[in-house]
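What follows is a short report on a single structure.
The values are calculated or read from the model by the stated rules, or taken from the named source; none is laboratory data. Owing to the predicted nature of the structure, the values given are computational and were not obtained by experimental measurement. Glycine gets a Cβ as well: all are built from the backbone with ideal geometry, and neighbour counts include every protein chain shown. Areas reflect the complete protein model, heavy atoms only, side chains present, ligands, DNA and RNA absent. Shrake-Rupley method; radii C 1.70, N 1.55, O 1.52, S 1.80 Å.
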Amino acid sequence: MAISMGKGSVGVLTGVFIASLAVVVAVLLLRTYNLPELKVAWKGKGAPRIELEEDEREQLYEALKGALRIPTVSFSPSEQNTTALEEFKEYIKSAFPRVFNSSLVEYELVGGYSHLFNVQGSDNSLLPYMLLAHLDVVPATPEGWDLPPFSGEEKDGYIYGRGSLDDKSRVIGILQALEFLFKKGYKPRRSFYIGLGHDEEISGRHGAKEIVKTLETRNVKLEYLLDEGFGVLDGVIYGTKRPIALIGVTEKGAITLNLTVNSPPGHSSMPPRESSIGILSAALSRLEQNRLPNLFGTGPEGSTFEQLANEFYWPLNIMMANLWFFNPIISRLMALTPSGNAIVRTTTALTIVNGGIKANVIPATATATVNFRLHPAQTVEEVLNMVSEIIMDERVILSAIKAFDPLPISPYDEENFGYQTLKRTITDLFSVPVAPAVCTVNTDSRHFVNLTESVYRFSPVVMTAEDLGRVHGLNERISREGFETGIQFYWQLIQNSDSDTVPVHRHSEL
Ligand SMILES: CCCCCCCC/C=C\CCCCCCCC(=O)N[C@@H](CCSC)C(=O)O
Ligand SMILES: [Zn+2]
Ligand SMILES: [Zn+2]
């Protein structure tokens, strides 16, 4: 049936189309002008800044350098440098005498090499909080480094060493801040714990997990917990006008999946039509080619970009403020870079492959390992089902050797003490916008979810994209200034956490 329209109907339709377009544009603009104001001023005074003497300043750099010289390497899940872990124990005792000798501190060793400090506050009606860090590091050999990775040497204002970012600077930073606080006569009002794990790089099984067990037997509940995270990102998020602090309010889940293919072995002169290596390779290729779905906006990453909309240059600011409309474009743009892709979906990384023993032998077995990092909107079960459907080959035997769901989303509303205290401390010190974010890597904090719903991940340092590449990479280093600012952060955070009320901010021009 042919549909005919008169001139009048065309005019009406055009009018309706233009009016709808005008409404959409008006809504977009209105939402953009109503964006939350990120320049905040806080009611009441925060903790004052630390004033350091020159000798104290030198002392803090030396404390970090000494820690970097101890090679507390976690080589594999079954191999750690235990001599170095022993040495580290003695080292912190001598570097921070006030912390270890204070009558306000109960100290204990957990899991052999992890450290737990309970700092007694004067007001037992306040729930304690916890600062978490880890003292083990990933391996490093001197090749490719400007200065040896375990020398703690300094060049052009930067202290080099494995662990200078991840995570010894936080271990030393937290202890140094407390040492200075005790030196100035500080007595906390709110109790707090410091936990220093010794095996975070190999899952935290004997360190963080044992600390959790210890606290659970004492029925400890925490107001909030702070662990390592991405920090203040400078030029890392495409299109932003200035550095931005991201507080990790959740962590992606993970699956380590082993793939095995068995086939009859034999002489390479008479190969079968398909070999174990061929079948495995085809499965791996299908996994890499068929990425898991783009889920941008279904997890807390939507809040990150909406809250930061004002911080993007035009036209990204309008697009971020109106994800309900621009989601399809933004999600595709994000997927173009590895770091953006890690935010929008469950990622698939082929990490280990093995097969064959000799050039003229068809191997009986080929194996591979694939590491998935789960988007907050997916579960282990869903991902494993999708993976089976993508591989679609029963000859490939799948076995998950490690799997956990994405971590719960910690509260980041205006009523939450931990989030707002962190936010206040960050804005006072760094004067940058703060937003909740998904942490795309895993931390020891994931073991603590039964002790508090308020688990946050944030490292108090400004990081460029180049700096991020140094974490687990070559020439890991921290600037003198960056390290001192980090200590300042813990100095202020510990004092701000003494409050019994949630910090209140008012939107204003700063
Ligand atoms: C005085 C304080 C100074 C603060 C300086 C801190 C600088 C830290 C900057 C960035 C750190 C980035 C955080 C990276 C965390 C990486 C965690 C990680 O790799 N986890 C592993 C866990 C392995 S468990 C088998 C992972 O694979 O996800
Ligand atoms: Zn770390
Ligand atoms: Zn690490």
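Remarks
- Screening PRO265, PRO328, PRO300 for residues that are more than 23 Å from TYR412 (Cα to Cα) and either touching a strand residue (DSSP E or B) at 6+ places or on another chain (Cβ under 7 Å) or at pLDDT below 95 (or both) leaves exactly one candidate, PRO265.
- Taken together, the residues in the stretch 190-226 that are β-branched (Val, Ile, Thr) and under 17 Å from the mean Cα position of the chain (by Cα) amount to 1.
- Tallying residues that are farther than 17 Å from GLY235 by Cα and open to solvent by less than 20 Å² (accessible area, probe 1.4 Å) within the stretch 321-340 yields 6.
- Residues satisfying the stated conditions in the stretch 181-194, i.e. under 29 Å from LEU468 (Cβ atoms) and either among the β-branched types (Val, Ile, Thr) or out of contact with any strand residue (DSSP E or B) (no Cβ under 7 Å at 6 or more places or on another chain) (or both): ILE194
- Elements of the type helices (runs of 4 or more DSSP H) sitting completely within the stretch 406-510 and holding at least 1 residues that are among the aromatic types (Phe, Trp, Tyr) and within 10 Å of ligand 1 (Cβ to nearest atom): these cover 480-496.
- The numbered conditions (1) under 19 Å from the mean Cα position of the chain (by Cα); (2) of a type in the set (Ser, Thr, Tyr); (3) in a helix (DSSP H, G or I) are all true for SER331 except (1).
- Note on the stretch 361-389: among residues that are more than 23 Å from ALA282 (Cβ to Cβ) and in contact with a strand residue (DSSP E or B) (Cβ under 8 Å, 6 or more places away or on another chain), the one that is most open to solvent (accessible area, probe 1.4 Å) is ARG373.
- Top-ranked residue in the stretch 246-265 [being of a type outside the set (A, V, I, L, M, F, W, C) and open to solvent by less than 10 Å² (accessible area, probe 1.4 Å); ranked as nearest to LEU398 (Cα to Cα)]: GLY253
- Every residue from the stretch 125-161 that is among the small types (Gly, Ala, Ser), closer than 29 Å to LEU493 by Cβ and away from ligand 1 (no atom under 16 Å from the Cβ): SER125
- Which listed residue, of ASP167, ASP146, is under 25 Å from PHE230 (Cα atoms), within 16 Å of ligand 2 (Cβ to nearest atom) and touching a residue at least 40 places away in the same chain (Cβ under 8 Å): ASP167
- Members of the stretch 266-281 found to be surrounded by 14 or more Cβ atoms within 10 Å (Cβ to Cβ) and farther than 22 Å from LEU350 by Cα, listed by number: GLY266
- Checking ASP444 against (1) acidic (Asp, Glu); (2) open to solvent by 20 Å² or more (accessible area, probe 1.4 Å); (3) within 14 Å of the chain's Cα centre (by Cα), the condition it does not meet: (2)
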